[in-house]
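Working notes for the structure below.
The values are calculated or read from the model by the stated rules, or taken from the named source; none is laboratory data. Because the structure is a prediction, the values reported are computed rather than measured. Don't worry about glycine lacking a Cβ; one is built from the backbone with ideal geometry, like all the others, and counts go over all protein chains shown. The protein model used for the area step is the full one, side chains on, heavy atoms only, and it has no ligands, DNA or RNA in it. Shrake-Rupley method; radii C 1.70, N 1.55, O 1.52, S 1.80 Å.
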Amino acid sequence: MPKTYKESATPEPDGEEQLGPTALIERHSRGVWRYLRMLGCDCSTADDLTQETFLRVLRRDTFVQHSESATASYLRRTAYNLLVSDHRKHKRVRTVAEASVIDEIWDRWAGKDLAGDQAIEALKVCFSQLTDRAQLALQMRFKEEASRIEIADALGISDHGARNLMQRAKATLKECVEIQAQRIDSK
């Protein structure tokens, strides 16, 4: 019998809650969008593919929400397949790791938090603990896509100095985020 989705959550005979379309989108859209960004999508493409992911899944009569993690995994797999189709359609050649490898990385990064909110918050906390110079260097590199030479000029250091500064800052961020994640997992 095909599932019909109501706007609110409905209990199933096996005890699992089935989210309606609005609740499903609200619960999982950030995670799908962040996953697509992790795969290299720009913001606009991630927006489009996230929307298409939910349209595809909600149009399927056979879609069943077995559990939160299974639903999140299914949505990510659908988004991944849509991205591959988009690359084929636009004749883009881009190497993307196998879906299972990407899922393993995602699970390691986001953990039990299906949308990755806790990891983002940990990153924000850790980023704020960096020196102003390190913050500026990383913002220029990853937000503004500035070259190492441009960063060095802005900071008044050599390009090797900029490279070393960014390497130390990234190592500090990684260590701090891992500590934050361990604190969250131990709660």
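Considering only segment 16-54, state which residues are closer than 18 Å to Lys143 by Cβ and touching a residue at least 60 places away in the same chain (Cβ under 8 Å). Residues satisfying the conditions are Arg34, Met38.
Just one of the listed residues (Arg77, Arg56) is at pLDDT 85 or above and under 16 Å from the mean Cα position of the chain (by Cα), and it is Arg77.
Scanning segment 156-182 for residues that are under 20 Å from the mean Cα position of the chain (by Cα) and among the charged types (D, E, K, R) yields a count of 4. The set of residues from segment 39-71 being polar (S, T, N, Q) and part of a loop (DSSP other than H, G, I, E, B) comprises Thr62, Gln65, Ser67. When residues in segment 142-187 are screened for being in contact (Cβ under 8 Å) with a residue 60 or more places away in the chain and either aromatic (Phe, Trp, Tyr) or open to solvent by 50 Å² or more (accessible area, probe 1.4 Å) (or both), 2 of them pass. Considering each residue of segment 5-14 in turn, at least one proves to be surrounded by 13 or more Cβ atoms within 10 Å (Cβ to Cβ), farther than 25 Å from Glu121 by Cβ, among the β-branched types (Val, Ile, Thr) and modelled with pLDDT under 80. Ser85 fulfils the conditions (1) at pLDDT 90 or above; (2) loosely packed, with under 13 Cβ neighbours inside 10 Å except for a single criterion, (1).
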